[in-house]
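*Asks:* Here you go, one structure.
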Amino acid sequence: MRGIITIILAAGKGTRMKSSKPKVLHEVCGKPIISYVLDIASAVSSLKTYVVVGHKADVVKDFLGKGVCIVEQKRLLGTADAVRSAEKLLKGYNGDILLLCGDTPLLNKSIIKKLVRGHQRKGAVCSILTSYIDNPSGYGRIIRNTIGNVIAIREEKDASCEEKKIKEINVGVYCVNSKRLFEALADVKINKKKREFYLTDVIEIFISQGLDVQTIETSDPVEGMGINTREDLAEAERIMRLRILRGFMLAGVTIVDPSTTYIGADVKIGQDTVIRPFTFIENNVRIGKNCVIGPFCRLRPGTRIGNDVSIGNFTEVSRTKISPKTKMMHFSYLGDSVVGTGVNIGAGTITANYDGKNKNVTHIGDGAFIGCDSVLIAPVKIGRNAITGAGSVVTRGRDVSANNVVVGVPAKVVGKRKD
């Protein structure tokens, strides 16, 4: 696959979202919509990626950072105008451009790679991703001639009654020659109904010039689903969640009840781990092999769990490292903690990590036994093989040395643990 440049269109207002947040920054499975599209650009080894921003441009720019080139569409005059905004930056480039919409998180990397490879192999001026759906309402239709060649893309508002019956739709992904694209964009006329310049009009211009336009069909019609409403967002969340769960199951993770399990988009889980029902695992969580998680468990960002760990019902873990063979079975919270190997966390244990200003760290050494209803007020250290008695409150800075047994409020040393 030859080098390619990607342009992502992310300038729209997203008015139907009824939100103060830019549409492309709404999240699907804990990950902003546009991040999924940026992943596509990375998957095709894009030489450079341009993101066209417009509505709330500064907010989108702040999120994107320095990893991409920002192009600002000064006036929101449609998709053709958005692409044209990048023309000066691509002056002298005569290779291929991959055009993507910033609100399509369900695109599959493999079908986009197939589109690009097919485009480059056939030497077409433009290749379009299409799909057949039973209810094409709202989508642009692929118009073909009597021998099946593409001759136009007709937006629904401009389609005739017969054209609206067509079930082949434009997904909104194009691979196109840069030089020919910008030449055609110069000839695009403003649409009188919407007062916008349609990117899809370049197809008819290419055809009128005798240039070859190809299509590649995706068998999964949801891939091109754009997020325009909160209902769309919820549907994309449902589809993506099932994809994530299916991926883990195929990789050797047991998901006892997928319908009650949530796992974020960038979570990693080792083989032979079992995820029990009503478990919520957020992004930036790593879980080792042979673990048992849940039911009714929440793992928050920054959690790192080693191999052979058991985390049971009504538990929560946040920004915490748990080493192998540790057990935390019931009604407990660990936040900002470092937990050693072979530790037992008794029911009702709480690490009091927040003092009103700062999040503080609790260290629990290898082999420690934390009794039921213990409260560990951070910053504090529980030594190797130490024991806290049931109901103990270990106060801030009153570290418990290795092998010591402490009980009470505040906890005091009452003896040594025998090996």
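The values are calculated or read from the model by the stated rules, or taken from the named source; none is laboratory data. Nothing here was measured: the structure is a model prediction, and the numbers come from that model. Every residue, glycine among them, receives a Cβ derived from its backbone with ideal geometry; neighbour counts consider all protein chains shown.
*Asks:* Which ones in the range 271-295 are under 20 Å from the mean Cα position of the chain (by Cα), in a loop (DSSP other than H, G, I, E, B) and without any contact (Cβ under 8 Å) to a residue 60 or more places away in the chain?
*Replies:* Correct list: Asn284, Val285.
*Asks:* Taking Ile216 and the conditions (1) over 30 Å from Asp134 (Cβ atoms); (2) assigned to a strand (DSSP E or B), which numbered condition does it fall short on, given that it satisfies the others?
*Replies:* Ile216 satisfies every listed condition except (1).
*Asks:* Just wondering, is there one or more residues in the range 169-178 that are free of Cβ contacts under 8 Å to residues at least 24 places away in the same chain and more than 22 Å from Arg121 (Cα to Cα)?
*Replies:* For the range 169-178, residues free of Cβ contacts under 8 Å to residues at least 24 places away in the same chain and more than 22 Å from Arg121 (Cα to Cα): absent.
*Asks:* Name every residue in the range 56-79 that is of a type outside the set (Val, Ile, Thr), part of a helix (DSSP H, G or I) and surrounded by 21 or more Cβ atoms within 10 Å (Cβ to Cβ), in order of residue number.
*Replies:* Correct list: Leu64 only.
*Asks:* Also: Kindly indicate whether any position in the range 402-410 is in contact with a Leu (Cβ under 6 Å, 6 or more places away or on another chain) and surrounded by 16 or more Cβ atoms within 10 Å (Cβ to Cβ).
*Replies:* There is no residue in the range 402-410 that is in contact with a Leu (Cβ under 6 Å, 6 or more places away or on another chain) and surrounded by 16 or more Cβ atoms within 10 Å (Cβ to Cβ).
*Asks:* Go through Ser160, Ser127, Ser178 for me and flag whichever is polar (S, T, N, Q) and either outside the structural domain of Ile203 (by TED's automatic domain parsing) or surrounded by fewer than 19 Cβ atoms within 10 Å (Cβ to Cβ) (or both).
*Replies:* None of the others qualify; the one that does is Ser160.
*Asks:* Now a separate question. Residues in the range 223-236: is at least one β-branched (Val, Ile, Thr) and more than 17 Å from the chain's Cα centre (by Cα)?
*Replies:* Checking the range 223-236: at least one residue is β-branched (Val, Ile, Thr) and more than 17 Å from the chain's Cα centre (by Cα).
*Asks:* Another question, then. If I ask for residues that are crowded, with 19+ Cβ neighbours inside 10 Å and either touching a Pro at 6+ places or on another chain (Cβ under 7 Å) or in a strand (DSSP E or B) (or both), which ones from the range 336-347 would you list?
*Replies:* Across the range 336-347, the qualifying residues are Ser337, Val339, Ile345.
*Asks:* If we keep just the residues of the range 220-247 that are over 16 Å from Pro32 (Cα atoms) and in contact (Cβ under 8 Å) with a residue 24 or more places away in the chain, which is surrounded by the most Cβ atoms within 10 Å (Cβ to Cβ)?
*Replies:* Gly224
Yes or no, residue by residue, for (1) at pLDDT below 95; (2) of a type outside the set (Ser, Thr, Tyr); (3) assigned to a loop (DSSP other than H, G, I, E, B):
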| position | (1), (2), (3) |
| --- | --- |
| Leu89 | yes, yes, no |
| Leu115 | no, yes, no |
| Thr146 | yes, no, yes |
| Val176 | no, yes, no |
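*Asks:* Please work out which residue is nearest to Arg319 (Cα to Cα), limiting yourself to the range 348-362 and to residues that are in a loop (DSSP other than H, G, I, E, B) and touching a strand residue (DSSP E or B) at 6+ places or on another chain (Cβ under 6 Å).
*Replies:* Ranking the candidates gives Asn353 first.
*Asks:* May I ask you to verify whether Leu100 is part of a strand (DSSP E or B) and closer than 19 Å to Val171 by Cα?
*Replies:* It is true that Leu100 is part of a strand (DSSP E or B) and closer than 19 Å to Val171 by Cα.
*Asks:* For Lys13, indicate whether it is surrounded by fewer than 18 Cβ atoms within 10 Å (Cβ to Cβ), outside any strand (DSSP E or B) and within 19 Å of the chain's Cα centre (by Cα).
*Replies:* no
*Asks:* So how many residues does the range 45-55 have that are surrounded by fewer than 20 Cβ atoms within 10 Å (Cβ to Cβ) and either more than 24 Å from Ser20 (Cα to Cα) or modelled with pLDDT of 95 or more (or both)?
*Replies:* Going through the range 45-55 one residue at a time, the tally reaches 3.
*Asks:* Can I ask one more? Can you confirm whether Gly138 is closer than 29 Å to Ile5 by Cα, not in a strand (DSSP E or B) and not basic (Lys, Arg)?
*Replies:* Yes, satisfied.
*Asks:* Among what's in the range 348-359 and is of a type in the set (S, T, N, Q) and in contact with a Ser or Thr (Cβ under 9 Å, 6 or more places away or on another chain), pick the residue that is surrounded by the fewest Cβ atoms within 10 Å (Cβ to Cβ).
*Replies:* Asn353
*Asks:* Those residues that are in a strand (DSSP E or B), of a type outside the set (A, V, I, L, M, F, W, C) and within 14 Å of Asn353 (Cβ to Cβ), I need them from the range 301-335; list them, please.
*Replies:* Across the range 301-335, the qualifying residues are Glu316, Ser318, Lys321, Tyr333, Gly335.
*Asks:* In contact (Cβ under 8 Å) with a residue 12 or more places away in the chain, in the same structural domain as Glu87 (by TED's automatic domain parsing), outside any helix (DSSP H, G or I) and within 29 Å of Val267 (Cβ to Cβ): which single residue out of Ile40, Ile8 fits that description?
*Replies:* Just one listed residue meets the conditions, Ile8.
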